[in-house]
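Written out below as structure tokens is the structure these notes cover.
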Amino acid sequence: MNASAATGRRRSPTADELAIWRDFVETTAQLRSVIEGRMQSDSALSAGDYAVLLALTEASAHRMRSSELAAHIDWERSRLSHHLGRMEKRGLITREDCATDNRGAEIVLAPEGAAAFRRASPSHLHDIQQLFVDALTPDQLEAVSEITHAIRVHLSAPE
């Protein structure tokens, strides 16, 4: 906890802190852009497609309620609904009525979606290794893990 948090006073970031923040934001945006561009080029899947397919691949019976999927990938339900419509037209997923609740739908990984995910994963994992992991030492990777954990804990703490 920093000093201003301990005393309850708000302060603005210093110029150095703002420079670090800007560097962090710009670097992560550039990294995501390169990785997402390569994925689109290599597999014709968007980052959103991959996030949905990954969640369904890991889900029990390769299916999830749409509301659960939205929460899992941290998307608004309306955004997810539009995206799922495009994925359904491409044969990557199907929507089925929920057996336990007739108001909802379950999103099901279609065979073509499973195949697309399997085709995309090796090059995507290679890109993560090449562009992220290989750029850092083991100690730096551990530091990134600690930093991201600290930020997540801080974000989930009540104000």
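The values are calculated or read from the model by the stated rules, or taken from the named source; none is laboratory data. Keep in mind the model is a prediction, meaning the values are calculated, not measured. Every residue, glycine among them, receives a Cβ derived from its backbone with ideal geometry; neighbour counts consider all protein chains shown.
The sole residue among Ala29, Ala116, Ala19 that is on the phi < 0 side of the Ramachandran plot, surrounded by 17 or more Cβ atoms within 10 Å (Cβ to Cβ), modelled with pLDDT of 95 or more and part of a helix (DSSP H, G or I) is Ala116. Restricting segment 119-159 to residues that are among the small types (Gly, Ala, Ser) and surrounded by 10 or more Cβ atoms within 10 Å (Cβ to Cβ), the residue that is nearest to Gln30 (Cα to Cα) is Ala135.
Taking every residue in segment 32-59 that is touching a residue at least 24 places away in the same chain (Cβ under 8 Å) and pairing it with any residue that is hydroxyl-bearing (Ser, Thr, Tyr) and surrounded by fewer than 18 Cβ atoms within 10 Å (Cβ to Cβ), at least 6 positions away or on another chain, the pairs with Cβ-Cβ distances below 8 Å are Arg38/Ser123; Met39/Ser46; Met39/Ser123; Asp42/Ser123; Ser43/Ser123. Please verify whether segment 62-77 includes one or more residues that are without any contact (Cβ under 8 Å) to a residue 12 or more places away in the chain, closer than 15 Å to Ser43 by Cβ, surrounded by 13 or more Cβ atoms within 10 Å (Cβ to Cβ) and within 17 Å of the chain's Cα centre (by Cα). No, segment 62-77 has no match at all.
Only one of these is in contact with a Leu (Cβ under 8 Å, 6 or more places away or on another chain) and among the polar types (S, T, N, Q): Thr57, Thr27, Thr14. Name it.
Thr57
Tell me, please, whether a residue that is at negative phi and surrounded by 17 or more Cβ atoms within 10 Å (Cβ to Cβ) can be found in segment 96-104. No; the residues of segment 96-104 include none that is at negative phi and surrounded by 17 or more Cβ atoms within 10 Å (Cβ to Cβ).
Could you go through segment 64-84 and let me know if any residue there is at pLDDT 95 or above and basic (Lys, Arg). No, segment 64-84 contains no residue that is at pLDDT 95 or above and basic (Lys, Arg). Contact map, segment 83-100: first residue in contact (Cβ under 8 Å) with a residue 24 or more places away in the chain and under 12 Å from Val52 (Cα atoms), second residue loosely packed, with under 13 Cβ neighbours inside 10 Å and of a type in the set (Lys, Arg), Cβ cut-off under 6 Å, separation 6 or more or different chains; the map is empty. Can we say Leu109 is in contact with a His (Cβ under 7 Å, 6 or more places away or on another chain), surrounded by 13 or more Cβ atoms within 10 Å (Cβ to Cβ) and touching a residue at least 12 places away in the same chain (Cβ under 8 Å)? Against the criterion (in contact with a His (Cβ under 7 Å, 6 or more places away or on another chain), surrounded by 13 or more Cβ atoms within 10 Å (Cβ to Cβ) and touching a residue at least 12 places away in the same chain (Cβ under 8 Å)), Leu109 qualifies. In segment 92-113, is there at least one residue being in a loop (DSSP other than H, G, I, E, B) and under 20 Å from the mean Cα position of the chain (by Cα)? Checked against the condition, which is being in a loop (DSSP other than H, G, I, E, B) and under 20 Å from the mean Cα position of the chain (by Cα), segment 92-113 yields at least one hit.
Restricting attention to segment 32-54, the residues being in a loop (DSSP other than H, G, I, E, B) and among the small types (Gly, Ala, Ser) number 2.
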